[in-house]
Amino acid sequence: MPAACPADHLARLTRRQFFGQASAGIGTLALASLLRPGLAGATSFPNAPHFAPRAKRMIYLFMHGGPSQLDLFDHKPGLRTLHGQDLPESIRQTQRLTGMTSGQKAFPVTASLFDFKRHGQSGAWISELLPHTAGIVDDLCFVRSMYTEAINHDPAVTFLQTGHQQPGRPSLGSWMSYGLGSENKNLPTFVVLISRGSAARPADPLYARLWGSGFLPSSHQGVSFRSSGDPVLYLSNPPGLDADGRRQQLDAINALNQRRATSQIDPEIETRIAQFEMAFRMQSSVPDLTDVRGETAASLDAYGPQARVPGSFAANCLLARRMVERGVRFVQLYHKGWDQHYNLPSDLRLQSQDVDQPCAALIRDLKQRGLLDETLVVWGGEFGRTTYSQGKLEAANYGRDHHGGCFTLWMAGGGIKPGTIYGETDEFCYNVVKDPVHVHDLNATILDRFGFDHTRLTYRHQGRDFRLTDVHGKVVRGILA
């Protein structure tokens, strides 16, 4: 029991209250250890890794909407001889269809309009849409056998990010924050950057709960940086208030919160105190982080012409490198606009131009600075696209519906085997036929690279030990370095 708890308060506790608040007090100490390293000899690792980690930081490049694996990575030249024919029911089987195509009378097989070539020593097939990515294939591991049960955006993104299709669970970044703690007391542990694609649809919602902490202490939620104005709301002092005045204001608020914490023993009060302090330190650290004027012209040029445009995907990739360089544990980039139900040939080209050069530059930049070995980079969306056309198939135009049966993502650095192609889909790119990788398997593998047994990184909530992978998942050993 914390020593700060007064004797008269203890005297009023029932047995139930004693045990309930004792556990809260322990939680407070654990949280304080995370947020205020050095307190009572605390380290920055609240949950010491179960074994030696290969990665210390992660950059998650999330392509919101579902990139078409058939048009980018999973080359199926045989579809050209089947183009326009109806997809056999033996291939579709009983897989769920979305409401957008379930009523179609025909499901015409649709070969990609784009050329593919093999690249690197790995011989990875890459679409003409990604020439810069083609130049780094030997640094990447392509997982072509991802699959998920979710077929609509919100449950699919929620599933990939939290391990559950229904909202309310902690996000992957929050689990990382909870497990690893902070490396830089002046910056958030978990940062989110959002960019809008050149082909973004008007209805492309992203909800803050996707980087929320769920039932974990709120200190572990992601901090979303803005693309204009202050990167974080209220970062600048209002007119008439200088740094000394802000410090006095925070000291007064913290004193009141400390007094409340003494009587209530509520971990969230400790969280609030720590977050106020973090916000104060961020007034100095964040402007320095986001000021890229110190970057060389060559560095900016490597990320492409959009690197000088705040809020663009290229600018966010550069910021992500600067963040992990400063010890930010988890950086998530959401790039919107990959939901090509129609006009796929033109819109996919635009989206690919947004991300191709910045992604390749990011990998090269991390590698050149000696950061890639300890930084895990993941690129992918919430699901793939169908091999059949949604709606009318035209000679030079088509769209594809959502497809959870198979999709592709790539990983790099952080203990992942480079130059690897893992998994295989059937000739229609509709079903996984070799080495399937489920969403839970992916998350189990990510945690493994950070030194965690996914079955043991848990948090007790409402009488149950919860984990990111629920009661499923296995580490994909075939892609580990």
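Read-outs throughout are calculated quantities, based only on the coordinates presented, and are distinct from any laboratory measurement. Keep in mind that this is a model prediction, so the values were computed, not measured. Please note: Cβ atoms are built from the backbone with ideal geometry, for glycine as well, and neighbour counts cover all protein chains shown.
Gain on full extension, evaluated as 0.36 nm per residue between residue 154 and residue 80 minus their Cα-Cα distance, stands at 23.4 nm. Protection proxy ranking for 202-209, 108-115, using the average of other Cβ atoms within 10 Å per residue and placing the highest first: 108-115, 202-209.
Our helix-only sum for the chain, with -39,500 (n - 2.57) per DSSP H run of n ≥ 4 divided by its residues, gives a mean residue ellipticity at 222 nm of -10500 deg cm²/dmol. Geometric descriptor of region 298-381, per residue, is 97 Å³ (volume of the convex hull of the Cα atoms). A simple spin-label model places the labels of residue 248 and residue 465 5.1 nm from each other, with each point 7 Å out along Cα-to-Cβ.
Were the residues from residue 117 through residue 89 laid out at 0.36 nm apart, the gain over their Cα-Cα distance would be 7.0 nm.
Take each peptide in 456-464, 67-75, 286-294, count the other Cβ atoms within 10 Å of every residue, and average; sorted highest first, the result is 67-75, 286-294, 456-464. So how far, in whole Å, is the C-alpha centre of region 290-351 from the one of region 196-213? Each part reduced to its Cα centre gives a spacing of 15 Å. Ordering 116, 452 from the fewest to the most neighbouring beta carbons within 10 Å gives 116, 452.
Cβ-Cβ distance of residue 228 and residue 392, R₀ of 56 Å, FRET efficiency by 1/(1 + (r/R0)^6): the value works out to about 0.90. Cross-link partners of residue 185 among lysines, defined as those whose alpha carbon lies under 19 angstrom from its own and excluding same-chain residues fewer than eight positions apart: 56. Placing pseudo-labels 7 Å out from each Cα toward the beta carbon at residue 453 and residue 368 gives an inter-label distance of 4.2 nm.
Its alpha carbons considered, the chain gives a radius of gyration followed by a Dmax of 24.0, 83 Å.
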